[in-house]
Amino acid sequence: MAVPSRITSKAKARMRKAHIKLSSPNLVECPQCHEPMLAHRVCKNCGYYGGKAIVEKK
């Protein structure tokens, strides 16, 4: 069985783990109300998607 001949240093291990992170969501401008919204989803502010009212706001 293969066994590493040397221990991995803290610097090497931390460099490898540095790429594991969350990315911010890609926001686009709603064409109806011009608020930031998630792409390909109904706007939370106005309820429109694709130029049509999907959710009625009171």
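Only the coordinates and a few stated rules stand behind these numbers; no lab work does. Computed from a predicted model, the values in this text were never measured in an experiment. Every residue, glycine among them, receives a Cβ derived from its backbone with ideal geometry; neighbour counts consider all protein chains shown.
(1) touching a Phe, Trp or Tyr at 6+ places or on another chain (Cβ under 7 Å); (2) exposed (fewer than 10 other Cβ atoms within 10 Å of the Cβ): which one isn't true of residue 50, the others all being true? The single condition residue 50 does not satisfy is (1). Looking at the structure I just gave you, is residue 42 surrounded by 10 or more Cβ atoms within 10 Å (Cβ to Cβ), of a type in the set (A, V, I, L, M), part of a loop (DSSP other than H, G, I, E, B) and out of contact with any helix residue (DSSP H, G or I) (no Cβ under 8 Å at 6 or more places or on another chain)? It is true that residue 42 is surrounded by 10 or more Cβ atoms within 10 Å (Cβ to Cβ), of a type in the set (A, V, I, L, M), part of a loop (DSSP other than H, G, I, E, B) and out of contact with any helix residue (DSSP H, G or I) (no Cβ under 8 Å at 6 or more places or on another chain).
For the stretch 1-33, the set of residues classified as within 30 Å of residue 48 (Cα to Cα) and assigned to a loop (DSSP other than H, G, I, E, B) consists of 22, 23, 24, 25, 26, 30, 31, 32, 33, listed by residue number.
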